[in-house]
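> One structure, pasted below without further comment.
The values are calculated or read from the model by the stated rules, or taken from the named source; none is laboratory data. Note that this is a predicted model, so its numbers are computed, not measured. Cβ coordinates were reconstructed from backbone atoms using ideal geometry, including for glycine residues, and neighbour counts include every protein chain displayed. Side chains are part of the model used for accessible areas, which takes the heavy atoms of the whole protein and leaves out ligands, DNA and RNA. Shrake-Rupley method; radii C 1.70, N 1.55, O 1.52, S 1.80 Å.
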Amino acid sequence: SSDRLRHVDSMKLLPSGAGQISHLNAVILGESLASEENDLVFPSHDFSNQALVSSPEQYRKMYERSIKDPAGFWSEFASQFFWKEKWDPEVYSENIDVRKGTVKFEWFKGGSTNITYNALDRNIEAGNGGKVALHWEGNEPSDDGQLTYSELLEKVCQLANYLKHVGVRKGDAVVIYLPMLMELPIAMLACARIGAIHSVVFAGFSAESLAQRIIDCKPKVVITCNAVKRGSKPILLKEIVDNALVESVKNGVTVGLCLTFENKSAMKRENTKWQEGRDIWWQDVVPQFPTKCAVEWVDAEDPLFLLYTSGSTGKPKGVLHTTGGYMVYCATTFKYAFDYKPSDIYWCTADCGWITGHSYVTYGPLLNGATVVVFEGAPNYPDSGRCWEIVDKYKVTIFYTAPTLVRSLMRESNEYVTRYHRKSLRVLGSVGEPINPSAWRWFYNVVGDSRCPISDTWWQTETGGFMITPLPGAWPQKPGSATFPFFGVQAVIVDEKGNEIEGECNGYLCIKKSWPGAFRTLYDDHERYETTYFKPFAGYYFTGDGCSRDKDGYIWLTGRVDDVINVSGHRIGTAEVESALVSHPQCAEAAVVGIEHEIKGQGIYAFVTLAEGVQYSEELRKSLILAVRNQIGAFAAPDRIHWAPGLPKTRSGKIMRRILRKIASRQLDELGDISTLADPSVVDQLIALQDC
Ligand code: WTA
């Protein structure tokens with residue numbers, strides 16, 4: 001982050017103070033300003049000329065209209081889709097202010113539609129049935145496949161018919177626990193076609209985490225596969241599901257059906273543990289069903305999916321998205337942020353287990369009729385050139401990934417990149433965490449040959465789609481800045497007291513009005529929805545992120561300000577990791593903080609107090625880490641365990657995380673005032689043990 005601050009300071013040449021967009025004009029017109037000196041990276045004239053939004057003026061006009069007339073603006077985009085019934089004349093209604101009653105957003109209420117129909121049938125009817133919808137690339141470079149729009153629709157219909165056959169109805173939940181096989185988007189689309197609510201659980205989550213989610217949403221069916229290969233090692237997903245289902249039964253939730261895809265390349269069905277009566281092979285039933293399935297028309301405000309995400313308490317939050325607004329929003333953001341053209345080949349490296357895979361692997365691109373690459377493997381297998389090999393193989397034009405992947409690849413020789421052509425690339429994208437300027441530059445210069453604008457998209461599970469993002473042809477970029485708000489998004493920065501602050505400033509990022517893609521509630525817990533997001537700064541949606549605005553109006557995200565850490569772009573609640581550690585019989589207490597990590601962005605640093613009489617040992621360290629892997633998943637394993645005879649607490653017993661963060665990052669001269677601690681001597685003890 002100091003990198004980023006220096007970078008902002010270096011922008012002396014630009015005038016200060018005024019409104020964000022008028023400045024851009026000055027920037028663009030002042031052509032004598034060399035981009036290097038100003039840290040401004042301009043899109044080429046050729047790029048801008050062909051772009052959907054090609055100048056700051058055009059952005060400003062569209063943005064202003066979207067704010068003055070949201071109903072008219074969004075209705076136009078909504079009209080590009082098929083609606084069985086048109087929405088009510090009022091288009092949207094909202095109460096974002098807790099002081100005025102229940103928080104509630106509605107968009108296109110009264111309209112009825114279906115997102116799968118719009119993503120598939122509509123594109124086929126427009127003559128694109130033969131266009132490739134999904135290119136699938138497996139873990140092994142020789143393992144691939146593809147589905148055209150027509151073929152994809154047939155597969156989706158067969159599964160939809162099967163789900164109906166086993167009793168899944170509109171409004172029922174279905175949990176999907178699958179790796180990045182084509183069956184994952186197929187399962188999502190099949191649920192949406194019949195009005196069932198999908199809840200995808202990232203296949204890196206442990207049985208306990210999966211169980212927790214199953215117990216919360218009580219699905220009719222769980223869809224999984226028997227195993228998946230990571231490198232040379234098969235991971236037995238079905239066994240994880242088995243354990244989760246046993247755990248769910250103990251908690252009063254019995255799932256009657258586990259539909260299991262046989263992933264032959266990872267494991268034969270003969271070797272799969274099986275429970276007769278509950279488990280069914282996908283391949284034995286789904287292909288027998290008709291390839292046409294009537295569409296279930298749903299209200300715009302009917303739920304589309306639930307996706308669990310981490311918050312500041314141990315219990316994950318079931319973020320609920322509805323149909324109409326989400327559909328319009330993720331399609332529109334996709335189109336503009338990536339300057340999408342029908343000839344594009346689009347690849348997003350995210351897993352469908354996260355929101356990025358929902359909005360920008362599945363729905364956003366397919367709603368636009370795009371060809372999407374779905375990749376099941378790892379970016380460094382067989383070697384670090386895999387991504388660029390895939391780019392060349394499919395002639396990828398838009399490549400969307402996470403800073404952690406960029407950082408891990410930039411450590412390797414550039415030769416892994418330059419050995420491939422990459423001439424097809426025209427737009428790059430970044431998501432999940434702030435991208436540090438040096439990673440931005442490597443991505444831009446080496447991967448994109450200094451030709452391709454980078455859309456650094458800031459958004460969240462809760463927002464459904466991009467909120468702050470460059471429009472690649474519209475204005476010059478600053479490496480590391482997410483630039484300006486998307487159409488219709490009123491992003492504001494507030495101070496501690498919740499007052500909006502203007503101009504160059506630093507504070508909390510909030511949103512002032514509803515937008516079509518906003519989540520509508522937390523499943524079964526509207527109170528938590530209001531408390532977490534709408535009470536901290538009354539009158540606003542609070543994002544949980546800190547940010548600053550520079551003198552040109554560019555927005556710079558600075559990371560979470562709550563107890564959430566962002567590890568390789570994955571949101572992890574410190575409380576979740578703490579509760580996993582404390583479940584270990586030899587752990588008395590734990591406090592977890594994030595630390596800077598060269599590749600992962602943030603790493604997990606855990607202070608652990610052991611039970612009376614227990615000695616710290618290497619073996620114990622391993623078993624503590626194992627407890628976290630088992631309870632949450634391998635991606636949440638702590639990077640460091642710091643043995644803590646005691647934790648710094650106030651006299652009222654509150655753990656002082658500020659101090660722990662400083663100790664973890666070795667900023668011992670910045671500990672600040674420790675005199676308010678109940679026992680200040682624990683600080684010295686912790687420092688003494690930091691290398692243990
Ligand atoms: C962070 C992922 C800076 C942020 C789409 C946010 C980012 C959290 C960016 C949401 C970005 C995401 N620049 N920070 N471009 N994108 N974040 O829900 O802290 O998994 O609050 O959604 O990731 O994570 P989530």
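> So between K218 and E596, what do we pick up on full extension, going 0.36 nm a residue minus the alpha carbon distance?
132.3 nm
> By how many nm would the segment from K292 to R640 lengthen if fully extended, with 0.36 nm per residue of separation less the alpha-carbon distance?
120.0 nm
> When ranked by the protection proxy of mean other Cβ atoms within 10 Å per residue, highest first, what sequence do the peptides 407-414, 512-519 form?
Going by the mean number of other Cβ atoms within 10 Å, highest first, we get 512-519, 407-414.
> Let me ask another. Taking the solvent-accessible surface of protein heavy atoms with a 1.4 Å probe, what is the per residue accessible area of the chain in Å²?
37
> Among the listed pairs K170/K268; K250/K315; K220/K395; K100/K315; K164/K512, give every one whose C-alpha distance is greater than 30 Å.
The pairs that break the limit, which is 30 Å between Cα atoms, are K170/K268; K220/K395; K164/K512.
> Please report the net charge: other residues with Cβ closer than 15 Å to the Cβ of G507, K and R +1, D and E -1. Working shown, then result.
Details: positive: K497, K512, R549, R560; negative: D495, E496, E500, E502, E504, D545, D550, D562.
With Lys, Arg at +1 and Asp, Glu at -1, the neighbours total -4.
> Could I ask something else about it? Among 627-634, 685-692, 248-255, 451-458, how do they line up from the highest to the lowest mean number of other beta-carbon atoms within 10 Å? Intermediate results must be reported in sequence, preceding the final value.
Details: 627-634: 20.5, 685-692: 12.6, 248-255: 14.2, 451-458: 24.4.
The peptides rank, most packed first, as 451-458, 627-634, 248-255, 685-692.
> On the protein heavy atoms, probe 1.4 angstrom, tell me the percent of accessible surface of the chain carried by carbon and sulfur. Write down the numbers at each step before the final one.
On the way: 12900 of 25790 Å².
Result for the chain: 50 percent of the exposed heavy-atom area is carbon or sulfur.
> What trypsin sites (Lys or Arg not before Pro) in segment 74-149 are in a loop by DSSP, with at most 12 other Cβ atoms within 10 Å of the Cβ?
For trypsin sites (Lys or Arg not before Pro) across segment 74-149 that sit outside H, G, I, E and B with at most 12 neighbouring Cβ atoms in 10 Å, the list reads K84.
> What list of ³J(HN,Hα) values in whole Hz, one per residue of segment 345-354 in order, does the Karplus curve 6.51 cos²θ - 1.76 cosθ + 1.60 (θ = phi - 60°) give from phi, with Gly and Pro shown as x?
Per-residue couplings from phi come out as 10, 10, 9, 10, 7, 5, 8, 5, x, 10 Hz.
> Okay, moving on. Decide, for segment 462-565, between rounded, prolate and oblate: order the square roots of the alpha carbon gyration tensor eigenvalues as a ≥ b ≥ c, take rounded if a/c falls under 1.5, and otherwise choose prolate if a/b is larger than b/c, else oblate.
Since a/c reaches 1.5 and a/b is larger than b/c, the shape of segment 462-565 is classed as prolate.
> Let me ask something else. Using amide H atoms built 1.01 Å from N in the peptide plane, name the residues 5+ places from A133, or on other chains, whose amide H lies under 5 Å from its own.
Result for A133 returns L147, T148, Y149.
> Quick one: which residues, 5+ away or cross-chain, put their amide H under 5 Å from the amide H of L304? H built at 1.01 Å from N.
H321, T322, T323
> So, one more: Once you order the gyration tensor axes a ≥ b ≥ c over the Cα atoms, which shape class does the chain get: rounded for a/c under 1.5, otherwise prolate or oblate by comparing a/b with b/c?
rounded
> Right, here's the next one. Please report the net charge: other residues with Cβ closer than 13 Å to the Cβ of I235, K and R +1, D and E -1.
Cβ neighbours under 13 Å give a net charge of +3.
> While we're looking at this one, here's another question. Can you tell me how much longer the chain between H45 and L236 gets when fully stretched, taken as 0.36 nm per residue apart minus their C-alpha distance, in nm with one decimal?
Between H45 and L236, full extension yields 63.6 nm more.
> With both bridge residues required to lie in the chain, what share of the DSSP beta bridges run antiparallel, to the nearest 5%?
Antiparallel bridges make up about 60 percent of those DSSP assigns within the chain.
> Just to confirm my numbers, what's the Cα centroid distance between segment 57-80 and segment 552-604 in Å?
If we compute the Cα centre of each part, the gap is 37 Å.
> Follow-up question, since we're still on this one. Which of the listed residues, F542, A402, I240, is farthest toward the dipole's positive end in the chain, when Lys, Arg count +1 and Asp, Glu count -1 at the beta-carbon?
So the residue furthest toward the plus end is I240.
> Then there is this: Dipole size in debye (nearest 20) for the chain around its Cα centre, Lys and Arg Cβ +1, Asp and Glu Cβ -1?
Approximately 620 debye in magnitude.
> If you find the alpha carbon centre of segment 397-435 and of segment 466-499, how far apart are they in angstrom?
Each part reduced to its Cα centre gives a spacing of 23 Å.
> So what J values fall out for segment 599-606 if you push phi through Karplus, 6.51 cos²θ - 1.76 cosθ + 1.60 with θ = phi - 60°, rounded to Hz, Gly and Pro as x?
9, 7, x, 10, x, 9, 10, 10
> What does the C-alpha gyration tensor say about the overall shape of segment 272-388? Classify as rounded when a/c is under 1.5, otherwise prolate if a/b is larger than b/c, or oblate. Write out the running numbers ahead of the final one.
Numbers: a/c = 1.28, a/b = 1.11, b/c = 1.15.
Note, shape of segment 272-388 comes out rounded.
> Can you give the net charge of the other residues whose Cβ lies under 14 Å from the Cβ of H358, counting K and R as +1 and D and E as -1? Present the calculation step by step, with values, prior to reporting the outcome.
Working: positive: none; negative: D351, E462.
Result for the neighbourhood of H358: -2.
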